[in-house]
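The values are calculated or read from the model by the stated rules, or taken from the named source; none is laboratory data. Since the model is a prediction, treat every value here as computed from it, not as a measurement. Counting neighbours? That spans all protein chains shown, and the Cβs are built from the backbone with ideal geometry, glycine included.
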Amino acid sequence: MSEDHGNIEARLRRLEDLDAIRQLFIDYGRLLDQGAIEAYAELFTEDAELRLGPIGTADGREQIRQVMTKALAGVTGNSYHLITSPTIDLDGDRATTEVMWTVVVRGADGKPVVPMVGKHRDVVVRTPQGWRFARREGLIDIPSRYAGSGVAS
């Protein structure tokens, strides 16, 4: 019976980890859209790597703050990130992941415009504060006139 109990605990921990990692993706988009740079930076480990193509590259949480402060200058509240199709390869306290993202912005006529679609490839790790990004790479699959204009992904 103790083997079954251990198996249930392991299964429960796996489900909780997967849920926490999915929440990390959602928090990333929400905080980015809000321009909440401090909270956004806390989603990363202290020595994290961020690779967002034309938006910027950063090594470490402080550089992440700087890059995203610059990228979001004057555009906070203009974008809405939809995070979809997560794949998570969980291996203990580490996981490799990929998610799709779609950026929606308000067009000049007030109607929604989809300027970019892409994916993030990540390494996430368990920390005492919860799951955090150790490495995040953003890839733009469908660029547009907004690419490089400060609409961050």
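Given the options GLN34, GLN63, name the one that is within 14 Å of the chain's Cα centre (by Cα) and without any contact (Cβ under 8 Å) to a residue 60 or more places away in the chain.
GLN34 is the lone residue from the list that is within 14 Å of the chain's Cα centre (by Cα) and without any contact (Cβ under 8 Å) to a residue 60 or more places away in the chain.
Residue-by-condition table, conditions (1) out of contact with any Phe, Trp or Tyr (no Cβ under 7 Å at 6 or more places or on another chain); (2) farther than 24 Å from SER85 by Cα; (3) at pLDDT below 95:
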{"position": "GLN34", "(1), (2), (3)": "yes, no, yes"}
{"position": "ILE37", "(1), (2), (3)": "yes, yes, yes"}
{"position": "LEU43", "(1), (2), (3)": "no, no, no"}
{"position": "GLU46", "(1), (2), (3)": "yes, yes, no"}
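Just one of the numbered conditions (1) of a type in the set (S, T, N, Q); (2) surrounded by fewer than 17 Cβ atoms within 10 Å (Cβ to Cβ); (3) farther than 30 Å from ARG14 by Cα is not true of SER79; which one?
Of everything listed in (1) of a type in the set (S, T, N, Q); (2) surrounded by fewer than 17 Cβ atoms within 10 Å (Cβ to Cβ); (3) farther than 30 Å from ARG14 by Cα, SER79 misses just condition (2).
Can you confirm whether region 119-133 contains a residue that is in contact (Cβ under 8 Å) with a residue 40 or more places away in the chain and basic (Lys, Arg)?
Yes, the conditions are met somewhere in region 119-133.
Can you find a residue that is more than 13 Å from HIS120 (Cβ to Cβ), part of a strand (DSSP E or B) and within 15 Å of the chain's Cα centre (by Cα) anywhere in region 53-60?
Within region 53-60, one or more residues are more than 13 Å from HIS120 (Cβ to Cβ), part of a strand (DSSP E or B) and within 15 Å of the chain's Cα centre (by Cα).
Could we say that GLU49 is acidic (Asp, Glu) and more than 16 Å from the chain's Cα centre (by Cα) here?
For GLU49, the condition - acidic (Asp, Glu) and more than 16 Å from the chain's Cα centre (by Cα) - is not met.
Hey, among ASP89, ASP47, ASP19, ASP33, which residue is loosely packed, with under 15 Cβ neighbours inside 10 Å and not in a strand (DSSP E or B)?
Answer to the selection: ASP19.
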